[in-house]
Amino acid sequence: MRILYLLFAVLLFLFQAAPGSADPLFADTAECRSQGNFCRAGPCPPTFAVSGSCHGGLLKCCSK
């Protein structure tokens, strides 16, 4: 039974988030989201317009 406690502790240690790991990899994605916009793979919804790119140009940044 003690091995389960040790295994649980090891799993928690392995899957903990490292500081700064939630930082976005792409500057254009961070800029799009900081302006309150969102990224989308396909075309923007009808009431939104393309205002830039995300993920290094792979996605579109949609804004009102």
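Please treat every number below as a calculation from the coordinates, not as lab data. Since the structure is predicted, the reported quantities are computational estimates derived from the model, not experimental observations. Glycine also receives a Cβ, built like all others from the backbone with ideal geometry; neighbour counts cover every protein chain displayed.
Structural remarks
- Other residues lying with their Cβ under 14 Å from the Cβ of S63 contribute a combined charge of +2, Lys and Arg counting +1, Asp and Glu -1.
- Estimated from the Cβ-Cβ distance and a Förster radius of 22 angstrom, the FRET efficiency linking F26 and S51 is about 0.90.
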